[in-house]
There are 2 protein chains.
Amino acid sequence: MNHRRFACFIAVALAFAFFGFSIQADEGMWLFTDPPRKELKEKYNFEPSKEWLDHLRLSCVRFNGGSASFVSGDGLLLTNHHVGMYAIHKLWTPDRDLLETGFLARSREEELKCSGVELNVLMSVEEVSERIEKALAPFSDPAERARRRRAEMTAIESESFFETGLKSEVVTLYHGGLYHLYRYKVYTDVRLVFAPEESIASFGGDPDNFEYPRCDLDVCFFRVYEDGNPAKTPHYLKWNSTGARDGELVFMAGHPGRTERLKTVKHLEYIRDVEMPAAMDKLRRLEVALLAFSQRNAENARCAGIALRGTQNGRKARLGMLAGLQDPEIMKIKRDEEETLRRAAADDPKMAADFEAALHTIEKTLPAYDKIRVEYEMLEQGEAFHSTLFNYARTLVRMADELSKPNEERLREFRDSNLEALKRGLFTDTPIFPDLESEMLSCSLSMYTERMGYDDPLVRRVMEDCSPSRRAKLLVRGTLLADADVRCGLVEGDAAAVAESNDPMIQLARLVDAPARAARKTYEQAVGEPRNRAYGMLADLRFKLFGESIYPDATGTLRLSFGTVKGYWGDGKWEAPSTTFGRLFYTAEMHQFAPPYSLPKEWIERRGRLDEMAPLNFVSTNDIIGGNSGSPAVNRDGELVGIVFDGNLASLVWDYVYTMKQGRAVSVHAGAIVESLRKIYDADRLADELQHGSL
Amino acid sequence: MNHRRFACFIAVALAFAFFGFSIQADEGMWLFTDPPRKELKEKYNFEPSKEWLDHLRLSCVRFNGGSASFVSGDGLLLTNHHVGMYAIHKLWTPDRDLLETGFLARSREEELKCSGVELNVLMSVEEVSERIEKALAPFSDPAERARRRRAEMTAIESESFFETGLKSEVVTLYHGGLYHLYRYKVYTDVRLVFAPEESIASFGGDPDNFEYPRCDLDVCFFRVYEDGNPAKTPHYLKWNSTGARDGELVFMAGHPGRTERLKTVKHLEYIRDVEMPAAMDKLRRLEVALLAFSQRNAENARCAGIALRGTQNGRKARLGMLAGLQDPEIMKIKRDEEETLRRAAADDPKMAADFEAALHTIEKTLPAYDKIRVEYEMLEQGEAFHSTLFNYARTLVRMADELSKPNEERLREFRDSNLEALKRGLFTDTPIFPDLESEMLSCSLSMYTERMGYDDPLVRRVMEDCSPSRRAKLLVRGTLLADADVRCGLVEGDAAAVAESNDPMIQLARLVDAPARAARKTYEQAVGEPRNRAYGMLADLRFKLFGESIYPDATGTLRLSFGTVKGYWGDGKWEAPSTTFGRLFYTAEMHQFAPPYSLPKEWIERRGRLDEMAPLNFVSTNDIIGGNSGSPAVNRDGELVGIVFDGNLASLVWDYVYTMKQGRAVSVHAGAIVESLRKIYDADRLADELQHGSL
């Protein structure tokens, strides 16, 4: 290290001390290839071995946008009820509502096969940055670079798939500072083993969502099968019913979906002032419409239940994020971080210039995005057409176009590596509720009309001289795409079958396809690509200046976080690190067992069997975000001590900045799971499997 | 009538025939001074006598923004439960929730005195157009004209009050084409006699609001007192339990709040594209916040109940209005109306020029309004500070300023004629729920931040470096204005007491007062005044061209509508003109008696006593709008046959245009009221009073 660089480090270190910036105590969603060895050693005197890391990685599972882990050698899998909920919902029949009643397979034969579920286990990681950089080197035009990058990524993925038979994905880390090739083993035969009633899984409902103290049994179990038999999963987490104790070090390994921790202050202000309000407007529209729809009768309430919960969850999460962004204290942290980086770069003219150029580029993308934002969100992101049936139609229309192109020129989601999953989604016989489809489509068409203006020529063509609600009804009544066989026929037929179809939903998808693609192209050229490069530069700078102390933003891929089980002062009152079964019953009584604080009959009848002092949920300082739901919490010995299912209100701003003053991850305690299985559900067979590690 | 004018009438008549414009069959909210004699004679062979009109007018009562009527000579008053609800809500104590349990006074002594209610009976009407025109004649500057008009109106009101002792209001009709002086007798000692449980009063809740078929007992009874005794009310409506029959002519007399039937197409487009979306955004924010707040616990739900219902009602109403405006068929009617007026005026160059000038002026006010809209709505209309406590603070701050000015120079709401009502509102001991105040204030401050932009200097000063939710909490915790004595002290003290107060809510009201007043002034000069004049010109033109066939837009003052009890074809199915008690029970059963379809215990137990074939609610073609709620429905003989409480979905567009294809007013049948009183509530004493007309 030369003197100059050293001096710079001193200045930075001082700045950190002054501003309280730098990696905060338990911050970070770390790559398994680059864990926070220094922090763990210094603060916890813990050094993870390669075996420890590999075993944990291979025990982890990506589950439909959430996380899970193997908990026996026979393919048994633990995740959150709210992660498994979509799969459980699909098992609904007129005489079976497993969300309401819960489910326990008393034998292997009773395990219920789920449709449309794909699980991924990360088998290997390979760095491919050099190959991609080399492919891009000759080009400077952003659009060309984007095309080349896409082509190279696709080539790498195809080669890898061809060689290994494993699902292969190139992951863009540090906003393009680093590229990894991830190879996954895929499981598609997934069967439901146990799910509690939703009333106990999400006890407290929307009011308690993102809150603590908390008393939820937000878990369920599935089993993966291969060739009709339980899969052999030698890497699984040993169950530790003693669970996490106050002050204990715990790790969480899972798939955080997305963070935006590098975002510049200007960019965050744009999100605060423009994007977040628009997103919340959309969610509020939907929530109000779904609530009104649900109130009409019990059948509507059932059909709309999942969509409503998802909408409320999104609204509450964004409310917390927006509250963070509107909090001057939080924005000051971000401003100080930016200033610290500026000062750190100041000593090196090239770095200083790069820093300012990156900030300038990002700032320029804001008005560029503003110009196309509404069209891009409405048409390409499909916010104007909030409907499963429209999504089918768009996939069919685009598939017909895209499959006629060479693999690397296709839109990313239509490349060979994704085709199988795409078709699975299209062919699954998911129940469609026409009234719900009409309601949601009407709501989004009305938003589209408002946002683009009633006299927009495309709006006029979309509406065909109808009001939004009438148009929605006609589209849903007229389309045949609710029938999986019809969808299947259109995929298997030639492209002309789609092009000539007079299905109104397909016609609508065709009508908006060209402008939607145009908006996507403009977005990529004027916003996505320059922004990626600028954030890549910033990430690069940070890496050069601060070395390994930096982790990349979340990308929906496997990460490791560490933290301590720890209470906190919340709004004038000490919140203990864990809650108990006693508190669950006390809370239900306080609310006179009225929803969302009702309890299943068995819980009330068998209350006496439980130790009311035993811990139920606990909080820790682990740095998590949406997508981590279902991540196992493990101790130093790699044993499962809990499963994370939520963050508290103060954690919602973690999208942008981690603070551990009040922010906490909320988990179900491992002991509470076994206790409930044995005492409430008579599920000793399942509890035995957990505790023995095999069937 | 000269030939030219006659030719023009022919053309217009043809145009009407072709376009389906003109007064539609049962259209109109008519002045009692100018009833639709021609239409009634031609279509119904009915000629209302002066006595008939006077008796009906003097039996009608304006009730807190709604309508009511006397139904006995001893001051007994019938209105809707949802109109009386606010007064009933104020009677709440920890052991008494009359909205939930309902109420029946078994003797006069048990009648419950309500606070903060003011009832008005229209005693006389006098035209004062000439006097106002004369006062305005020398002036052409809009601001000066507005000031002069205000001064003259105030002078007329003051003189009238001095002379008669009656509450006196100058009403602007035809957008300034006509001015009437209305004199009201005021009642303030109002006592609750009977209210059913809210579950039966608004059976079906939000899902059934603005819908038909319908099964609600949306009624309640009050009695007005004078000097501690039941007031003598010789003008009251005779009860007719046979009620309204299919095909029968019925009149409704009440206080429609506001219609916008003259609005130009450009103006309607602006409402459709800008104002309505903004208003709905505000309502959705509030609805979502109130729902989440209510879900936390039963106490919250109770506190927020009325605000939530009001918000849902507003959202659903606007949804219907917006659907109408987004419906090309409706806009075509408006466009044709405008074209018809243009052609009718074309033969007279002065008229033609006036017409185009008016349209042009209105069009010019749209961008002018657009420039100040957000500031005006947020600051002057108080949308940024949705809180009862803030309203108190603003009233106190402004009162201190305004009372130091001569009467005619004050803001309208602070003139002598309004002072008493204003003080009554300020001194009433209305319960304040601090958590609810914080929630609503937080919600509106957040909207204010978003709409004006986070970096707006006034926003920064309002927020005092806090997030909206923290700022709202601090304001509500810090203010002492929840205490009526504190408010009273500030009014009774000198102006300095308010100016020097360090109450944070008062300080906030002071901070925003100057910009709010500035926005109001700009609004009046650039929008309100020119718009009034232009719509006045259009109204004038219409009057000149179409004579008495035109009624003025609703103004919250007494009007008469006529119509027929009549079913309709709704969405492919014939809706019968009335529902029955049988349908009520059937609907409750279909929904398994779950809220909002639950029934009070007595209704279930005593079901057998009711004739299930007897009519409960009925629909008619009467032209009504918000504010008509509680209007009596009377027959040719002036007897009460029902009470209107709602319009169906297709009627919501009546704000802008009346269509009777599907739009209907929905009423409770007079027979059903007496039947319920006797069979369900054992309220024979009250039923006897109705049927005998006296105690």
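Computed values, structure above
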| item | result |
| --- | --- |
| Sole residue being open to solvent by 60 Å² or more (accessible area, probe 1.4 Å) and either closer than 15 Å to residue A:385 by Cα or not β-branched (Val, Ile, Thr) (or both), chosen from A:513, A:503, A:483 | A:483 |
| Residue that is touching a Leu at 6+ places or on another chain (Cβ under 9 Å) and in a helix (DSSP H, G or I), where the choices are B:160, B:124 | B:160 |
| Qualifying position, being under 18 Å from residue A:97 (Cβ atoms) and either within 20 Å of the chain's Cα centre (by Cα) or assigned by TED's automatic domain parsing to the domain that holds residue A:590 (or both), among A:211, A:197, A:226 | A:197 |
| Matching option when the condition is more than 30 Å from residue B:270 (Cβ to Cβ), of a type in the set (A, V, I, L, M, F, W, C) and open to solvent by 10 Å² or more (accessible area, probe 1.4 Å), among A:400, A:368, A:393 | A:400 |
| Scope segment A:466-483; condition within 14 Å of chain B (Cβ to nearest Cβ) and of a type in the set (Ser, Thr, Tyr); matching residues | A:467, A:469 |
| Test result for residue A:309, under 21 Å from residue A:595 (Cα atoms), more than 9 Å from chain B (Cβ to nearest Cβ), open to solvent by 10 Å² or more (accessible area, probe 1.4 Å) and part of a helix (DSSP H, G or I) | yes |
| Residue A:154 part of a helix (DSSP H, G or I), over 29 Å from residue A:484 (Cα atoms), out of contact with any Gly (no Cβ under 8 Å at 6 or more places or on another chain) and of a type in the set (S, T, N, Q) | yes |
| Filter result for residue A:260 (surrounded by fewer than 21 Cβ atoms within 10 Å (Cβ to Cβ) and more than 8 Å from chain B (Cβ to nearest Cβ)) | yes |
| Condition broken by residue B:237, with the remaining ones in (1) more than 14 Å from chain A (Cβ to nearest Cβ); (2) free of Cβ contacts under 8 Å to residues at least 24 places away in the same chain satisfied | (2) |
| Tally, over segment A:172-227, of residues that are part of a loop (DSSP other than H, G, I, E, B), among the hydroxyl-bearing types (Ser, Thr, Tyr) and at positive phi | 0 |
| Test: residue B:237 is under 23 Å from the mean Cα position of the chain (by Cα), under 30 Å from residue B:468 (Cβ atoms) and buried (at least 24 other Cβ atoms within 10 Å of the Cβ) | no |
| Criterion: farther than 18 Å from residue B:266 by Cβ, touching a helix residue (DSSP H, G or I) at 6+ places or on another chain (Cβ under 9 Å) and assigned to a helix (DSSP H, G or I) - qualifying residue of B:377, B:383 | B:377 |
| Of residues in segment A:48-69 being touching a Cys at 6+ places or on another chain (Cβ under 8 Å) and not aliphatic (A, V, I, L, M), the one surrounded by the most Cβ atoms within 10 Å (Cβ to Cβ) | A:67 |
| Every pair of residues 6+ apart whose Cβ atoms lie under 8 Å, when the first sits in segment A:192-210 and is within 14 Å of another protein chain (Cβ to nearest Cβ) while the second is part of a helix (DSSP H, G or I) and aliphatic (A, V, I, L, M) | A:203/A:584; A:203/A:588; A:206/B:292; A:207/B:292; A:210/A:317; A:210/A:649; A:210/A:652 |
| Residues within segment B:640-695 that are open to solvent by 10 Å² or more (accessible area, probe 1.4 Å), outside any helix (DSSP H, G or I) and among the polar types (S, T, N, Q), tallied | 3 |
| Residue in segment A:267-287 that is in contact (Cβ under 8 Å) with a residue 12 or more places away in the chain, buried (at least 21 other Cβ atoms within 10 Å of the Cβ) and away from chain B (no Cβ under 12 Å) present | yes |
| Qualifying residue in segment B:341-351 (condition: farther than 30 Å from residue B:489 by Cα, within 14 Å of chain A (Cβ to nearest Cβ) and surrounded by fewer than 21 Cβ atoms within 10 Å (Cβ to Cβ)) | no |
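To keep it simple, each residue is scored yes or no on (1) in contact with a strand residue (DSSP E or B) (Cβ under 8 Å, 6 or more places away or on another chain); (2) crowded, with 18+ Cβ neighbours inside 10 Å; (3) more than 26 Å from residue B:631 (Cα to Cα).
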{"site": "B:113", "(1), (2), (3)": "yes, no, no"}
{"site": "B:118", "(1), (2), (3)": "yes, no, no"}
{"site": "B:132", "(1), (2), (3)": "yes, yes, yes"}
{"site": "B:137", "(1), (2), (3)": "no, no, yes"}
{"site": "B:140", "(1), (2), (3)": "no, no, yes"}
{"site": "B:146", "(1), (2), (3)": "no, yes, yes"}
{"site": "B:150", "(1), (2), (3)": "no, yes, yes"}
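The values are calculated or read from the model by the stated rules, or taken from the named source; none is laboratory data. Fair warning: this is a prediction, and the values are worked out from it, not measured in the lab. Note that we place each Cβ from the backbone using ideal geometry, even for glycine, and neighbour counts take in every protein chain shown. For accessibility, only protein heavy atoms count, side chains too; no ligands or nucleic acids. Shrake-Rupley method; radii C 1.70, N 1.55, O 1.52, S 1.80 Å.
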